[in-house]
1. Among the residues of the range 67-95, what is the count of those that are assigned to a helix (DSSP H, G or I) and either surrounded by fewer than 24 Cβ atoms within 10 Å (Cβ to Cβ) or more than 10 Å from the ligand (Cβ to nearest atom) (or both)?
2. Would you confirm, using the coordinates I've provided, whether GLU240 is touching an Asp or Glu at 6+ places or on another chain (Cβ under 7 Å) and either surrounded by 11 or more Cβ atoms within 10 Å (Cβ to Cβ) or modelled with pLDDT of 90 or more (or both)?
3. Restricting the search to the range 157-197, which residues are among the basic types (Lys, Arg) and closer than 15 Å to VAL251 by Cα?
4. Restricting the range 96-118 to residues that are of a type in the set (Gly, Ala, Ser) and part of a strand (DSSP E or B), which is nearest to GLY239 (Cα to Cα)?
5. Would you say VAL223 is within 16 Å of the ligand (Cβ to nearest atom) and modelled with pLDDT of 95 or more?
6. Every residue in the range 134-183 that is within 11 Å of the ligand (Cβ to nearest atom), buried (at least 22 other Cβ atoms within 10 Å of the Cβ) and part of a loop (DSSP other than H, G, I, E, B), please.
7. Within the range 8-37, restricting attention to residues that are more than 7 Å from the ligand (Cβ to nearest atom) and in a strand (DSSP E or B), which residue is nearest to the chain's Cα centre (by Cα)?
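The values are calculated or read from the model by the stated rules, or taken from the named source; none is laboratory data. Every value quoted in this text rests on a predicted model; they were computed, and no experiment measured them. Cβ atoms come from the backbone with ideal geometry, glycine included; neighbour counts cover every protein chain shown.
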Amino acid sequence: MLEIEGSVAVITGGGGGIGLEIAKYWVRHGGRVVIADIAQPLLDQAEAQLKELGGEVATVVCDVTKEEDNARLADVAIELFGRINLVAPFAGIIKDGLMVSTSKETGRVNRKMSLEQFRAVIDINLTGVFLTVRECAERMINHNCKGLICLVSSTGSLGTAGQINYSSSKAAMSVFPKVITAEFLRRGLSGQIRCVAVAPGYVGTAMVRRMDQRALEKILADVPIGRLIDPEEVASLVGELYRNEALAGDVFFIHGGLRLGSRG
Ligand SMILES: NC(=O)c1ccc[n+]([C@@H]2O[C@H](COP(=O)([O-])OP(=O)(O)OC[C@H]3O[C@@H](n4cnc5c(N)ncnc54)[C@H](O)[C@@H]3O)[C@@H](O)[C@H]2O)c1
């Protein structure tokens with residue numbers, strides 16, 4: 001079992017939502033954190049909250065779609081804290097819409113998902129994660145760090161109408177742990193650096209609060225626990241995945257029993 005105490009977590013999307021909750025969990029358990037997000041004001045607020053908990057915190061403004069920002073993020077972690085033990089690339093966005101929408105009057109297509117709408121989600125949720133993980137993994141290997149890469153997929157990885165961009169990015173996250181674990185096995189690294197993903201259902205963060213509230217109420221009617229997942233519950237799962245070194249290469253769902261459209 002690994003101890004969180006004294007370990008170093010690099011968390012993108014750490015300025016809010018689930019990322020910030022993981023950072024809080026880490027410092028509460030004696031870990032140190034490097035949080036990255038797109039804007040300094042977000043990071044300043046997050047840092048203040050983490051320091052109140054007594055945490056050792058570094059912040060890095062980082063657009064995860066930029067190669068050089070990810071390299072700097074990984075470098076800061078090594079320069080300030082000497083190692084990286086958890087990589088949690090939780091920066092992510094949604095930009096929902098149907099691929100093609102039709103007019104109720106004419107039955108003809110009157111709207112399409114734009115290339116920008118598709119690409120923006122892929123750029124952040126897929127390419128951005130690839131870059132964060134690649135840069136952090138390089139430092140972890142070169143500095144002989146033990147730990148976990150914990151990605152975030154989603155129940156959307158199974159395919160959600162109105163989310164062809166998001167579902168595609170999250171389906172990719174489901175395959176990353178298998179590819180990375182297999183590659184590390186080839187190089188004799190898979191005992192040192194494990195890779196998993198968590199796949200939450202609907203978590204009570206800004207991302208979900210921005211959703212159409214009527215659609216959300218309908219979704220919640222099919223969640224057996226009858227409520228949103230608490231971000232702290234996702235953070236606790238990440239903590240357990242980190243501690244338990246038997247867990248590798250897989251995707252761990254956390255969705256309150258969500259039946260994905262069926263009442264069973
Ligand atoms: N909330 C949910 O129900 C839910 C469910 C399943 C998976 N997830 C995933 O969990 C992750 C976190 O989601 P959340 O609910 O905390 O969302 P959130 O919107 O609360 O937080 C996401 C963070 O990512 C940051 N971010 C966005 N673009 C960025 C960029 N280019 N570079 C750096 N940072 C950027 C945002 O500023 C924000 O702080 C996402 O990958 C999301 O897809 C969320």
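1. Within the range 67-95, the subset assigned to a helix (DSSP H, G or I) is 67-81.
With either surrounded by fewer than 24 Cβ atoms within 10 Å (Cβ to Cβ) or more than 10 Å from the ligand (Cβ to nearest atom) (or both) added as a condition, the list becomes 67-69, 71-72, 74-81.
Of the residues in that region, 13 qualify.
2. Values: touching an Asp or Glu at 6+ places or on another chain (Cβ under 7 Å): no; either surrounded by 11 or more Cβ atoms within 10 Å (Cβ to Cβ) or modelled with pLDDT of 90 or more (or both): yes.
Judged against the criteria, GLU240 is not a match.
3. We begin by selecting, within the range 157-197, every residue among the basic types (Lys, Arg); these are 170, 178, 186-187, 194.
Those that are among the basic types (Lys, Arg) and closer than 15 Å to VAL251 by Cα: LYS170, LYS178, ARG194.
4. Residues of the range 96-118 of a type in the set (Gly, Ala, Ser): 97, 101, 103, 107, 114.
Remaining after also requiring part of a strand (DSSP E or B): 97, 101.
Numbers: GLY97: 34, SER101: 41 Å.
Once the filter is applied, the top-ranked residue is GLY97.
5. On the way: within 16 Å of the ligand (Cβ to nearest atom): yes; modelled with pLDDT of 95 or more: no.
Against the criterion (within 16 Å of the ligand (Cβ to nearest atom) and modelled with pLDDT of 95 or more), VAL223 does not qualify.
6. SER153, SER154
7. Filtering the range 8-37 down to residues more than 7 Å from the ligand (Cβ to nearest atom) leaves 8-11, 14, 20-35.
Subsequent filtering for residues that are in a strand (DSSP E or B) retains 8-11, 32-35.
Details: VAL8: 17, ALA9: 13, VAL10: 11, ILE11: 9, ARG32: 18, VAL33: 15, VAL34: 15, ILE35: 13 Å.
Restricting to residues being more than 7 Å from the ligand (Cβ to nearest atom) and in a strand (DSSP E or B), the top hit is ILE11.
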